[in-house]
1. Does residue 411 qualify as being touching an Asp or Glu at 6+ places or on another chain (Cβ under 7 Å) and hydrophobic (A, V, I, L, M, F, W, C)?
2. Hand me the list of strands (runs of 3 or more DSSP E) wholly inside the range 49-131 holding 1 or more residues that are under 21 Å from residue 380 (Cβ atoms), more than 14 Å from the ligand (Cβ to nearest atom) and assigned by TED's automatic domain parsing to the domain that holds residue 157.
3. If I filter the range 150-166 down to residues being out of contact with any Pro (no Cβ under 9 Å at 6 or more places or on another chain) and touching a residue at least 60 places away in the same chain (Cβ under 8 Å), which single residue comes out as surrounded by the most Cβ atoms within 10 Å (Cβ to Cβ)?
4. I'd like to check something: does the range 142-154 contain any residue that is within 16 Å of the ligand (Cβ to nearest atom) and farther than 22 Å from residue 384 by Cα?
5. Just give me the residues in the range 186-221 being among the hydroxyl-bearing types (Ser, Thr, Tyr) and either surrounded by fewer than 21 Cβ atoms within 10 Å (Cβ to Cβ) or in a strand (DSSP E or B) (or both), in sequence order.
6. Among the candidates 247, 259, single out the residue that is over 23 Å from the mean Cα position of the chain (by Cα), more than 16 Å from residue 81 (Cα to Cα) and among the polar types (S, T, N, Q).
7. Among the residues in the range 266-274, are any touching a Gly at 6+ places or on another chain (Cβ under 9 Å), within 25 Å of residue 194 (Cα to Cα), within 16 Å of the ligand (Cβ to nearest atom) and polar (S, T, N, Q)?
Amino acid sequence: MDFRQDPRFSEFVPFESKLWLSSPTMHGQEQHWVDDAIRTNWVSTVGANINEIEKEVARYVGCGYAVALTCGTAALHLATKLAGERLYGQARPDRGTLAGKRVFCSDVTFDASINPVAYEDGEAVFIDTERDTWNMDPAALEKAFELYPDTRLIVLAHLYGTPAKMAEIRRIADAHGALIVEDAAESLGAKYRLNGKWVETGALGDFNCISFNGNKIITGSSGGMFLTDSREDAEKVRKWSTQSRENAPWYQHEEIGYNYRISNIVAGVVRGQLPWLDQHIAQKKAIYERYLEGFKGLPVTMNPYDAESSEPNYWLSCLLIDREAMAPHVRGERDALYKHEHGKSSPTEILDALQAFNAEGRPIWKPMHMQPIYRSNAFVTAEGTGRGRSNAYIQGEGLDVGADLFARGLCLPSDNKMTAEQQDVVIKIVSACFD
Ligand SMILES: Cc1ncc(COP(=O)(O)O)c(C=O)c1O
């Protein structure tokens, strides 16, 4: 479809410079700390920037220790490995710590959340999503423990910066003696009220991870952290991340090692960004609220959160098209087809319209249970197994929640450098899609 020729969009001209989904926002101090690393010759995996960001993030999140790593995926890998070792003991060097074990995993998330389960030879069982926060559904998790009572590990992500229902999930985990790996890659700065006390995401699990990827609320260009209250766990992750050297004058190894430690240069970028975290969150919140206001009257809702017990970091603003307002829209493995109908639209139509005017959106994460790579893994909904549910003799069975969010939802341009005027145009483009 040529949107620029379509009369519904005749009032728009493409944005001169692209509106991004969420791009890095540098402030200048990053340069100072990078230069400092180079000037002092501390450019490797040791140095003041690393020490400082570990101290500062631990203070901000309210945990005892932070270990800075090359990326959030590395943090998730070592967190998952540590959990596996805690539960099932040390594995042989050629085996993962989760070999032969099931792990209950968030379903609507980036695959980096849950791939470390496979790195450690475990089997991910995907848990369906609830509608109140778009995160792991406690009712589905409860069902999963009925189906697989031996499971002892949960990997949970807070989607798009909105905290999951941690009180319920912690209660269920405790009742079954299970541990939680918390993926707070997208939610740094988001808070959850647990037993009447506000706790930062990144301090809610037993093994916790954040990311400084380029699209996150603050960035180091790359980078991530493992967060914990346990000194022993922090020391173990630091050791594993630097090739697992033993205390000997030569390279002596009793455990498998990794090259996952952050560089002092990348840490310099993070150091320069940290003072801006709260401002970035405030900007993202303003963007979310402007969309909320601008979409009044349209057949859409936005990514929800529980205002009583959580304060998101509003990393990405998303919308969900009302069921009745969905125009015909089908997706194959790599492409999508849609048709416009008056008063209706579809995620692909909106994303194409935004792209035509030089703005970036994105589909909701395709659920992990629908990904070709994990198609044969178990999937559990609040009703029980989510696999093999269709039946030629029964009409009208619904989609699981994750598949439904993927079918009707999308992520909007959420860059904190987008001006209010530019965002108003985005809102008008989205509105025009429904004309
Ligand atoms: C939910 C989630 N988990 C993990 C990651 C991985 O972080 P990194 O890119 O720093 O490895 C990301 C983003 O990149 C993410 O969005």
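1. Working: touching an Asp or Glu at 6+ places or on another chain (Cβ under 7 Å): no; hydrophobic (A, V, I, L, M, F, W, C): yes.
So residue 411 does not fit the description; no.
2. Working: elements: 65-69, 102-106, 123-127.
Where strands (runs of 3 or more DSSP E) fall fully within the range 49-131 and carry at least 1 residues being under 21 Å from residue 380 (Cβ atoms), more than 14 Å from the ligand (Cβ to nearest atom) and assigned by TED's automatic domain parsing to the domain that holds residue 157, they are 102-106, 123-127.
3. 159
4. Of the range 142-154, the ones within 16 Å of the ligand (Cβ to nearest atom) are 154.
Then drop every residue that is not farther than 22 Å from residue 384 by Cα, which leaves none.
For the range 142-154, residues within 16 Å of the ligand (Cβ to nearest atom) and farther than 22 Å from residue 384 by Cα: absent.
5. Applying the first criterion (among the hydroxyl-bearing types (Ser, Thr, Tyr)) to the range 186-221 yields 187, 192, 201, 211, 219, 221.
Within the range 186-221, 192, 211, 221 meet the criteria.
6. On the way: 259 fails: more than 16 Å from residue 81 (Cα to Cα).
None of the other options fit; the residue is 247.
7. Pass one, the range 266-274, residues touching a Gly at 6+ places or on another chain (Cβ under 9 Å): 266-273.
Those still in the list that are within 25 Å of residue 194 (Cα to Cα) too: none.
Checked against the condition, which is being touching a Gly at 6+ places or on another chain (Cβ under 9 Å), within 25 Å of residue 194 (Cα to Cα), within 16 Å of the ligand (Cβ to nearest atom) and polar (S, T, N, Q), the range 266-274 yields no hits at all.
To keep it simple, each residue is scored yes or no on (1) without any contact (Cβ under 8 Å) to a residue 12 or more places away in the chain; (2) in contact with a Phe, Trp or Tyr (Cβ under 6 Å, 6 or more places away or on another chain); (3) outside the structural domain of residue 102 (by TED's automatic domain parsing); (4) farther than 30 Å from residue 266 by Cβ.
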| site | (1), (2), (3), (4) |
| --- | --- |
| 148 | no, no, no, yes |
| 174 | yes, no, no, yes |
| 178 | no, no, no, yes |
| 190 | no, no, no, no |
| 196 | yes, no, no, yes |
| 200 | no, no, no, no |
| 208 | no, no, no, no |
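The values are calculated or read from the model by the stated rules, or taken from the named source; none is laboratory data. Just so it is clear, the model here is predicted, and its values are computed rather than measured. Don't worry about glycine lacking a Cβ; one is built from the backbone with ideal geometry, like all the others, and counts go over all protein chains shown.
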